1. What nm distance separates the two modelled labels at residue 133 and residue 3, each placed 7 Å from Cα along Cα→Cβ?
2. Separation of the range 55-85 and the range 124-159 by C-alpha centroid, Å?
3. Pick out the long, greasy-scoring helices in the chain: whole DSSP H runs spanning 18 Å or more along their own axis by Cα, mean Kyte-Doolittle at least -1.0.
4. What does the charge count around residue 28 come to, taking other residues whose C-beta lies under 14 Å from its C-beta (Lys +1, Arg +1, Asp -1, Glu -1)?
5. In nm, give the distance between the simple-model label positions of residue 152 and residue 114, each being 7 Å from the Cα along the Cα-to-Cβ direction.
6. Given that just one value was derived from the coordinates, which of [x] 139; [y] 129; [z] 90 is volume of the Cα convex hull per residue in Å³?
7. If you place +1 on the Cβ of every Lys and Arg and -1 on the Cβ of every Asp and Glu, how big does the dipole about the Cα centre of the range 1-138 come out, in debye to the nearest 20?
8. For the range 1-111, what is the relative contact order in percent, using Cα pairs closer than 8 Å and at least 6 residues apart in sequence?
Amino acid sequence: IWNGRIPCNKLTLIEGPAESGKSLLTIDLAARVTCQVPMPGETGPGLEIDRVVLLNRQDDLHDTILPRIRRAGAQLDKFCSLSNIVRRSEEDDDAVEDRRRLKLPVDFQFVECAMEYACGTLLIVDSLTSFCRSASDVQRTIDLLDDLASRMGIPILATLSAKTSRNTRGEWVT
């Protein structure tokens, strides 16, 4: 989706220190995708994808994410945000039985279902470590996201705090 930077069928990790603008970058990219506006430094026709699914637990949807995505010019009807799992009662569809925060990799099947439902989509996970409990969960989720990108032919962006890195054996540590 961004020549030489973000391939269509791969996971792209954006790493950096806290408060360095990783979330703002993903919001800008999301807005460009929903409006089919070329990426910085590029000209020509818009992108082949036009929908965005954002996983974010650190920022509030209503007072932070939506104002930012509006200011960036996104088409809100092509934008979806996930952070919670809601289980409905089998007897009454209107009754909520359980509501909890999305956890990765435990709840990955929900992410996969959302991506299958919203075809032609960019998935953004901001920040990956906020959804994972341990370094091994981060590594497992990275593997699952990479596989999902390849199988579905979609771009996936995930942000990581600079405090998350690989050790000498190539394992993720926090």
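The values are calculated or read from the model by the stated rules, or taken from the named source; none is laboratory data. This structure is a prediction, so every number in the text was calculated from the model and none was measured. Quick reminder, even Gly has a Cβ in these numbers, built from the backbone with ideal geometry, and neighbours come from all protein chains shown. For accessibility, only protein heavy atoms count, side chains too; no ligands or nucleic acids. Shrake-Rupley method; radii C 1.70, N 1.55, O 1.52, S 1.80 Å.
1. My value for the distance between the label points is 4.6 nm.
2. Each part reduced to its Cα centre gives a spacing of 19 Å.
3. The answer, listed by residue number, is 22-35, 135-152.
4. Working: positive: 5, 22, 32, 68, 70, 71; negative: 42, 126.
Result for the local shell: +4.
5. Inter-label distance under the simple model: 1.0 nm.
6. For volume of the Cα convex hull per residue in Å³, the calculated option is [y].
7. 580 debye
8. With pairs under 8 Å counted, the relative contact order is 20 percent.
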